[in-house]
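Heads up: the structure comes next, in structure tokens.
The values are calculated or read from the model by the stated rules, or taken from the named source; none is laboratory data. Since this is a predicted model, take the numbers as computed values, not measurements. Cβ sites come from the backbone with ideal geometry, for glycine too, and all protein chains shown count toward neighbours.
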Amino acid sequence: MRLGAPLALSLTLLSSCLLSKGPGVSGTVDVAGGDTDAVRLVYLGTGGWIMEHGEELVLAAPLFTNPGLLATGLVGIGSDTAAVTRHMAGYDERYDVARSSAILVGHAHYDHLMDVPHVARRFAPSADIIGSRTVHNLLGSWSGVGDRVRVVNDSAGDARTAGSWLRVGPRTRIMALRSSHAPHFEGYTLYPGSRERSATEEPASATEWVAGETFAYLVDFMSADHPDSVAFRIYYQDAVAPPPFGFAPEAVVADRPVDVAILVPATFDQVDWHPEAFLENLRPRWVVLGHWEDFFVPLEAPTRSLRLADLGHFEARLARVFAGEWWRPDLGTEFRFPVE
Ligand SMILES: [Zn+2]
Ligand SMILES: [Zn+2]
């Protein structure tokens with residue numbers, strides 16, 4: 001049957017529209033069926049997450065300032081501490097984030113590091129900041145939290161070699177994984193480079209927040225009854241990586257596959273086999289997407305996807321190779337996963 005051009009066009013539009021909606025979720029997604037021993041994952045937007053099991057809690061670096069494109073490109077930017085306080089206070093009320101033992105930072109671009117000093121000082125006073133040498137040097141002496149950075153450059157693992165586990169809480173350990181930051185568009189990466197010397201002043205523009213070395217992380221919550229066995233394993237990335245950069249060590253995953261993988265769709269089409277290669281490496285039971293929404297608009301504005309890549313295409317590729325459940329959460333979505 002031949003379709004008339006207008007009908008064919010509208011069918012095409014309809015199917016791409018359905019595709020681009022994907023499995024968006026908000027509110028509470030209870031995979032644990034009411035089990036009170038669940039691991040909770042809460043999406044804070046951009047690279048930001050709360051990961052919690054029992055008394056253990058890890059943060060991944062959030063961004064609440066969301067400077068506009070114009071400011072980011074041309075004018076100076078700085079952390080909007082009032083916005084950070086407003087949003088973090090809400091999460092603190094619900095999740096008691098002062099318990100945080102660590103704040104994960106995958107790379108040092110402003111959207112992953114600029115709001116961290118205020119979060120660390122005010123809301124997570126006893127958390128280690130887990131990040132690169134560049135993260136350490138950019139936070140320097142001005143931020144008041146530079147000496148809380150645990151530099152992972154020398155302890156990170158890769159596909160072949162296990163890294164060292166960093167103990168951060170009584171039942172929480174973290175392994176950094178060597179990764180790499182995919183280009184933003186047409187092979188071009190914004191704000192490249194690393195920072196070799198400790199900063200004495202706050203970076204004043206987006207270009208000063210250089211990426212530095214990029215890391216992904218495994219976060220293990222250990223079993224309360226068997227302190228040497230893993231109760232739940234999370235994989236976290238905050239940038240698209242060209243595989244095998246960002247892989248977890250094969251032997252570590254063979255021992256215990258990943259429960260939840262947090263994958264970033266943002267610029268997946270700048271590299272090959274993202275997400276397919278990561279699914280093969282990590283063998284996750286569930287997948288959640290992070291850093292998918294437009295962070296150049298204030299958080300109060302309606303959430304819409306980042307225009308850097310075709311999110312619908314990413315989701316179609318993910319669905320083709322991944323048989324498990326996966327979601328694209330709105331800001332503030334809480335997942336509850338069962339622990340076995
Ligand atoms: Zn980046
Ligand atoms: Zn980013």
For this session: For the range 176-184, state whether one or more residues are in contact with a strand residue (DSSP E or B) (Cβ under 6 Å, 6 or more places away or on another chain), within 16 Å of ligand 1 (Cβ to nearest atom) and within 20 Å of Tyr217 (Cα to Cα).
Result: yes
Exercise. Counting only residues that are under 18 Å from Glu276 (Cα atoms) and part of a strand (DSSP E or B), how many does the range 231-254 have?
Worked result: 3
Problem set entry | Selection within the range 210-222 - in contact (Cβ under 8 Å) with a residue 60 or more places away in the chain and away from ligand 2 (no atom under 14 Å from the Cβ) | Glu213, Tyr217, Val219, Phe221
Seminar exercise, completed: Filter the range 191-230 for residues that are among the hydroxyl-bearing types (Ser, Thr, Tyr) and in a loop (DSSP other than H, G, I, E, B); the one that is surrounded by the fewest Cβ atoms within 10 Å (Cβ to Cβ) is Thr200
Exercise. Within the range 157-177, can one find any residue that is more than 15 Å from ligand 2 (Cβ to nearest atom), of a type outside the set (A, V, I, L, M), free of Cβ contacts under 8 Å to residues at least 12 places away in the same chain and not in a strand (DSSP E or B)?
Worked result: yes
Problem set entry | Near pairs, Cβ below 8 angstrom, 6+ apart or cross-chain, from the range 30-45 (under 26 Å from Pro265 (Cα atoms)) to any residue that is of a type in the set (S, T, N, Q) | Val42/Thr333; Tyr43/Thr333
Problem set entry | Per-region count, the range 224-240, residues more than 30 Å from Pro183 (Cβ to Cβ), touching a strand residue (DSSP E or B) at 6+ places or on another chain (Cβ under 7 Å) and in contact (Cβ under 8 Å) with a residue 40 or more places away in the chain | 2
Exercise. Quick one: would you say Ser100 is touching a helix residue (DSSP H, G or I) at 6+ places or on another chain (Cβ under 7 Å), of a type outside the set (A, V, I, L, M, F, W, C) and modelled with pLDDT of 95 or more?
Worked result: no
Exercise. Glu300: at pLDDT below 95, away from ligand 1 (no atom under 16 Å from the Cβ) and surrounded by fewer than 15 Cβ atoms within 10 Å (Cβ to Cβ), yes or no?
Worked result: yes
For this session: Can you tell me which residue among Val253, Val240, Val260, Val230 is under 14 Å from the mean Cα position of the chain (by Cα) and away from ligand 2 (no atom under 16 Å from the Cβ)?
Result: Val260
For this session: Please note which strands (runs of 3 or more DSSP E) are completely contained in the range 270-340 and include at least 1 residues that are aliphatic (A, V, I, L, M) and either touching a residue at least 12 places away in the same chain (Cβ under 8 Å) or within 28 Å of Pro244 (Cα to Cα) (or both).
Result: 286-289
Exercise. Does the range 268-289 contain at least one residue that is touching a Leu at 6+ places or on another chain (Cβ under 7 Å), surrounded by fewer than 22 Cβ atoms within 10 Å (Cβ to Cβ) and either β-branched (Val, Ile, Thr) or closer than 16 Å to Val25 by Cβ (or both)?
Worked result: no
For this session: Please verify whether the range 312-319 includes one or more residues that are under 22 Å from Thr28 (Cβ atoms), within 19 Å of the chain's Cα centre (by Cα) and of a type outside the set (Asp, Glu).
Result: no
Exercise. Checking Val210 against (1) within 13 Å of ligand 1 (Cβ to nearest atom); (2) in contact with a Leu (Cβ under 6 Å, 6 or more places away or on another chain), which single condition isn't satisfied?
Worked result: (2)
For this session: Please specify each residue of the range 54-109 satisfying the condition of being of a type in the set (A, V, I, L, M) and within 16 Å of ligand 1 (Cβ to nearest atom).
Result: Ala60, Ala61, Leu63, Leu69, Ile77, Leu104, Val105, Ala108
Seminar exercise, completed: Residues of the range 226-247 being within 22 Å of Tyr110 (Cβ to Cβ) and among the polar types (S, T, N, Q), in sequence order, are Gln237
For this session: Considering each residue of the range 232-260, count those that are aromatic (Phe, Trp, Tyr) and within 16 Å of ligand 1 (Cβ to nearest atom), and give that number.
Result: 2
Seminar exercise, completed: All-but-one check, Ile103 against (1) within 16 Å of ligand 2 (Cβ to nearest atom); (2) part of a helix (DSSP H, G or I); (3) not polar (S, T, N, Q), failing number (2)
